[in-house]
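Notes to accompany the following structure.
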Amino acid sequence: MTDKAAAEAPESPAGAPSSEAAPAPEPPAPDTPAAFARGGVTRPRRSVPWLLTAGLAALLLLLTLTSAGLGAYEIPPGDVLSSVAHRAGLGGGALDRVPESVLWNVRFPRIVLALLVGASLGCAGALMQGVFGNPLAEPSVIGVSSGAAVGAVAAISLGLSFLGTWTIPVFAFVAGLGTALLVYSTSRSGGRTEVVTLILTGIAVNAFAGALIGLFIFLADTAAVNQITFWQLGSLSQATWPKVLAVLPCAVAGLAVAPLYARKLDLLALGERPARHLGVDVERLRIVLVLVVALLTAAAVSVSGVIGFVGLVVPHLLRMVAGPGHRFLVPGSALGGAVVLLAGDLAARTVAEPAELPLGVLTALFGSPFFFWLLRRTRRRQGGWA
């Protein structure tokens, strides 16, 4: 362009050359830092939570159908769907008396209980890891599981039955919730709660609870000892609709409240001081979420016994795949926990058929190696613990 043509070119109000004179620069490549800052490389990432949710939901439906049909008395999938459709008034037809009774009085209560317990443990684990800012945290840290075990063991050892079949679950729930509140109130000082103090208090309370369990086992007779041992191993073999109704209100309440605090958990991940500057009441957040964790865990343990590692493994696996955002992680962990526990219960009652393996043993067999791998991975990334 000549000097004369340049002088005649139109200018913008600010004096800069117009868009015709200075064409806009090309957008940066998707893998450049500028594109990353603008969110270019995160677009494929945003679809991962949705795809993962759809995959988990589909797997859950498949496992539900499989669990309803498999067992000592096999029921074809078509008959299961026909019976469900008949009960829902969508056509289909009722089965014979025996398969109908097996399906609705044995299989479905167990499936629903596995879904509620797994979702509660998975969601509680995600909340604990978010509150403590540590991927190694799980609900047992604040003593809920050990406290619930003390309540159940005490009821069994002392032969208490004044609440009928509800005696053991009620004692376990009250003791677990009470233990969590005791740990939290003991760890508070000056109106604040330090995470390290809370964890150390939980360790001390867990040790004391273990001593109480040993004492009750020593005082119990042989039949009670066998029942205590089976309860501590964790199982859903005693699932009934009344037990489902017992855990349902607590599970639904906890699972409904937990996602409401996902954004605050994301802010807390930046650190306590930045979270406070951004308007998060950290102490109130911890109080509410510890209560939610205690509610979910105590309700689950009270009807299933001690089932470990679900609250540790599931949230961490989802975090590795879909990132640390709690808006997906909290509900996703509930869905993943339901999938894991339903699959574990299916394996527990079919692998060694006609015998049934304790569910807590299976989760520990698969969860312990993962925990050791996670410890080594965390230490290697941090360059040691010192």
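The values are calculated or read from the model by the stated rules, or taken from the named source; none is laboratory data. Quick caveat: nothing in here was measured; it's all calculated off a predicted structure. Reconstructed Cβ throughout: ideal geometry from the backbone, glycine too, with neighbour counts over all protein chains shown.
For this structure, a couple of remarks:
- Of all residues making up region 107-159, the number that are within 17 Å of Gln238 (Cβ to Cβ) and of a type in the set (A, V, I, L, M, F, W, C): 14
- Condition check for Leu160 on (1) within 21 Å of the chain's Cα centre (by Cα); (2) at pLDDT below 85: one failure, at (1).
- Test: residue in region 329-352 that is hydroxyl-bearing (Ser, Thr, Tyr), farther than 30 Å from Ser189 by Cβ and touching a residue at least 40 places away in the same chain (Cβ under 8 Å): yes
- In region 280-314, the residues that are without any contact (Cβ under 8 Å) to a residue 40 or more places away in the chain and of a type outside the set (D, E, K, R): Val280, Val282, Val288
- Test: residue in region 182-193 that is out of contact with any Leu (no Cβ under 8 Å at 6 or more places or on another chain) and aromatic (Phe, Trp, Tyr): no
Results for (1) within 21 Å of Arg284 (Cα to Cα); (2) of a type in the set (S, T, N, Q); (3) surrounded by fewer than 13 Cβ atoms within 10 Å (Cβ to Cβ), shown as yes or no for each residue.
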{"position": "Thr186", "(1), (2), (3)": "yes, yes, no"}
{"position": "Ala207", "(1), (2), (3)": "no, no, yes"}
{"position": "Ile213", "(1), (2), (3)": "no, no, no"}
{"position": "Val244", "(1), (2), (3)": "no, no, no"}
{"position": "Cys250", "(1), (2), (3)": "yes, no, no"}
{"position": "Val257", "(1), (2), (3)": "yes, no, no"}
{"position": "Ala262", "(1), (2), (3)": "yes, no, no"}
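- Among the residues making up region 273-315, those that are within 14 Å of Gly254 (Cα to Cα), in contact with a Phe, Trp or Tyr (Cβ under 9 Å, 6 or more places away or on another chain), β-branched (Val, Ile, Thr) and surrounded by 20 or more Cβ atoms within 10 Å (Cβ to Cβ) are Val290, Val292.
- Condition check for Ala94: part of a loop (DSSP other than H, G, I, E, B) and either more than 20 Å from Gly344 (Cβ to Cβ) or under 15 Å from the mean Cα position of the chain (by Cα) (or both): yes
- Residue match in region 321-331 (condition: of a type in the set (D, E, K, R) and crowded, with 16+ Cβ neighbours inside 10 Å): no
- Only residues that are free of Cβ contacts under 8 Å to residues at least 60 places away in the same chain, over 26 Å from Ala119 (Cα atoms) and not hydroxyl-bearing (Ser, Thr, Tyr) were counted across region 50-74, and they come to 1.
- Hey, Ser47 among the polar types (S, T, N, Q) and either in contact (Cβ under 8 Å) with a residue 12 or more places away in the chain or surrounded by 11 or more Cβ atoms within 10 Å (Cβ to Cβ) (or both) or not: no
- Some residue of region 165-176 being crowded, with 24+ Cβ neighbours inside 10 Å and more than 18 Å from Val244 (Cβ to Cβ): yes
- Some residue of region 224-234 being among the aromatic types (Phe, Trp, Tyr) and surrounded by 21 or more Cβ atoms within 10 Å (Cβ to Cβ): yes
- Helices (runs of 4 or more DSSP H) wholly inside region 192-305 that include at least 3 residues being modelled with pLDDT under 85 and out of contact with any strand residue (DSSP E or B) (no Cβ under 9 Å at 6 or more places or on another chain): 195-219, 222-233
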